[in-house]
1. In the list B:Thr69, B:Thr94, which residue meets the criterion of being among the β-branched types (Val, Ile, Thr) and in contact (Cβ under 8 Å) with a residue 40 or more places away in the chain?
2. If the requirement is being under 20 Å from B:Leu407 (Cβ atoms), acidic (Asp, Glu) and at pLDDT below 90, which of these qualifies: A:Asp73, A:Asp45?
3. In the stretch B:390-405, is there at least one residue being within 12 Å of another protein chain (Cβ to nearest Cβ), of a type outside the set (Phe, Trp, Tyr) and not in a helix (DSSP H, G or I)?
4. Condition test on B:Glu256, is it without any contact (Cβ under 8 Å) to a residue 40 or more places away in the chain and assigned by TED's automatic domain parsing to the domain that holds B:Ser65?
5. Out of the stretch B:207-253, which residues are of a type in the set (Asp, Glu) and over 16 Å from B:His89 (Cβ atoms)?
6. Can you tell me which residue in the stretch B:275-318 is surrounded by the fewest Cβ atoms within 10 Å (Cβ to Cβ), limited to those that are farther than 20 Å from B:Ile46 by Cα and of a type in the set (Ser, Thr, Tyr)?
7. When you scan the stretch A:1-58, how many residues do you find that are touching a Pro at 6+ places or on another chain (Cβ under 8 Å) and over 24 Å from B:Gly378 (Cα atoms)?
8. Given A:Lys110, A:Lys129, A:Lys49, which one is more than 14 Å from chain B (Cβ to nearest Cβ) and surrounded by fewer than 18 Cβ atoms within 10 Å (Cβ to Cβ)?
Amino acid sequence: MTIQAIQEEIIEEFSMFDDWMQRYEYMIELGKSLPLIDEQYKTDDNIIKGCQSKVWVHAELEDDKLLFTADSDAIITKGIIALLIRVFSNQKPKDIMEADTQFIDEIGLKEHLSPTRANGLVSMIKQMKLYAVAYQTQIK
Amino acid sequence: MTEVDFDVVQIRKDFPILNREVNGKPLVYLDNAATSQTPQQVINAIVDYYQNYNANIHRGVHALSQEATDKYEQARQKIQQHFNAAKVHEIIFTSGTTHGINLVANGFSSLLQKGDEVLVSAMEHHSNIVPWQMLCERTGAILKVIPMNEQGELVMETYQNLLSSKTKLVFCNHISNALGTINPIEEIINAAHEVGAAVLIDGAQAAPHIKADVQALDVDFYVVSAHKICGPTGVGMLYGKEEWLKKLPPYQGGGEMIAEVTFEKTTYAELPHKFEAGTPNICGGIAFGAALDYMNTIGFEAIAAYEHQLLDYATTELSKIDGLKIYGTAQNKTSVISFNIEGVHPYDIGTILDKLGIAVRTGHHCAQPIMDFYKIPGTVRASFCFYNTKEEVDALVAGVERAKNMLVG
C-alpha cells in the first residue's frame, strides 16, 4: 500500500469514533499492544529526548524499503508512534521524504505534533525523514 | 476541618479567563505555579497605560513621559513597601526571576576566586542552577549541593557542615516549584552570614503565598517574577542590599544605565538605574504594582489560610486513589501537589486531564535533579491558587481516576 492509501485507511478508521474518549482509548490500546522495538535498539544513540516523554527510533534498509521500529515511555505517544510506523515503515525512502503527516490533523490528534507538547514526536518525524534521505543516497 | 471564611465566588469574578471553556469543559486551571491568572484590576492597569500615557520614561520633558515615569516609580515604591526593603533603589526591575539571578551571578564573576565555594540546594529550578554553574566555570569556584531527604526537605545538618570560610555564596529557593516545600530560609541565611557568605533566595514560588520581609530575613538578594503573583509575564524584581548592589558591576550596557559617555570612558548611573539598561517593560512594571495592590487587598494571611485548606483537602482526596504517590511531603509546604500513578507516565495523565479541561503541569518542572533523586521521569503537578475551589479539586480527583482507568489495565 502507498503511504497515501494507508493514511486514508487510518482516517477512515478514526471516523468511526464518536468522541475523544474513544479515539484515546484506541490510541492507548495501540500503545499497549506490542513492543515496537527490539530492546537492543533502545540505545542512547537512538533516543530522541522530548522534554516530557522519550522516543526511540531505529531504521534499517531491506531491499529498497526502509523499516522503522520505535518506542516511547509514554503510552499515548507510543500509540501515535504505532500510527506513524504503520504509515512510514516498509516504504521507499523517496516516498517517505515526500510524504506529509496531514492525517494526524484529520484524525484529531494535531495537538500532539505541536512543539510545545515536547513529547519528541516532531523530532521523531524529522528523524524518520532524515533516515530516508540518508538511505536514499545509499540506494543510488 | 474548620472552613476558612473566604469569598472565593466573589474573587473568581475578578478573573475573566476563569469563565472560559477548554475542550468543551469548564476550565479548571491548576497550573498556577507556572503562571497565575490575571485579575481585571491588573488588566485595567495595562489597558490604562496604553490608552492614556504610553511614553518612554526618565527622559522626556513632555507630560506623557512624566506621567509614565511617575507611575513606574510608584510601582517600584509599592514593591519596596511590599517586600519591606529599606531603600527604594534596592529594588531593580528585571524581566523576571531568571534575569535577576543571572544579573547577580554575572556580578559575582568579578568577586569570586578560584577555590571559593558556592552552595546550591538540591531542589532548585534550573534557573537557579545553570547561572551558578556558568559562574563557577568562569571563576574556578566550586559548586556544592545541599542534599534533600525523601520527604523533599533540605538536610540542614549537612548544610551546616558544608559551610566554611571558603563559602562565598549560598542560593536556595524559598519554596520549591516541583515539591512545594517551604525551606527554612531564616536558618539558611543566618548560618551563611556566620561564615561571611552572601545569600540569594529565589522567591518566585513564595511570592504568591508569603509576604517576605527582606529586612527581617536579612537576605542579601531576593528575586521574584510578576507572573506568579497575578501580574503580567516578562517583568520581575531583584532586591539587593545596597552594599551588595554597589559592589556588583553593571550587567548590561546601554541607555538609561549611564551617567556620562565618551569614547574614552563611561561612568555609570546610580542605583537602581545602573542595572536597568535600555527601555524597560514600563507597562509591565506598573501592572506588577497593580498586582501587588490586588493581592494585598485580599490579604496574604487570608490567601495562605484558604490555600492551605485547599492543599489539605486535595492531599486527602488524591491520596485515596490507589497507586497514587505524592512527591514532596514536607511538614511545611505550600499548595503544590506533585504526584504519579504507579506504572503510568505523567505525560499520559496530563494529556487526558487536558481533554477534561483540567490544566496541570507534567514533566520534570525544570528541576531534573529532583526527578533524578526520586528516579522518575517527571510528575504531574497540580498547583492551587486562592481562586481555585473545592469543586475544582473534586474535578481533578475525578479526572485522575478517569485517566487511571483508561491507562491502567
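The values are calculated or read from the model by the stated rules, or taken from the named source; none is laboratory data. From a predicted model like this one, the values you see are computed outputs, not experimental measurements. Because the Cβ atoms are built from the backbone with ideal geometry, glycine has one as well, and the counts that use them run over all protein chains shown.
1. Numbers: B:Thr69 fails: in contact (Cβ under 8 Å) with a residue 40 or more places away in the chain.
The unique qualifying residue is B:Thr94.
2. Numbers: A:Asp45 fails: under 20 Å from B:Leu407 (Cβ atoms).
It is A:Asp73.
3. No, every residue in the stretch B:390-405 fails to be within 12 Å of another protein chain (Cβ to nearest Cβ), of a type outside the set (Phe, Trp, Tyr) and not in a helix (DSSP H, G or I).
4. On the way: without any contact (Cβ under 8 Å) to a residue 40 or more places away in the chain: no; assigned by TED's automatic domain parsing to the domain that holds B:Ser65: yes.
Taking the combined requirement at face value, the residue does not satisfy it.
5. Just the residues of the stretch B:207-253 that are of a type in the set (Asp, Glu), to begin with: B:213, B:218, B:220, B:242-243.
Hits for the stretch B:207-253 are B:Asp213, B:Asp218.
6. B:Thr316
7. First, the residues of the stretch A:1-58 that are touching a Pro at 6+ places or on another chain (Cβ under 8 Å): A:52-54.
So of that shortlist, the ones also over 24 Å from B:Gly378 (Cα atoms) come out as none.
Selection size over the stretch A:1-58: 0.
8. Details: A:Lys110 fails: more than 14 Å from chain B (Cβ to nearest Cβ); A:Lys49 fails: more than 14 Å from chain B (Cβ to nearest Cβ).
Result: A:Lys129 is the single residue among A:Lys110, A:Lys129, A:Lys49 that is more than 14 Å from chain B (Cβ to nearest Cβ) and surrounded by fewer than 18 Cβ atoms within 10 Å (Cβ to Cβ).
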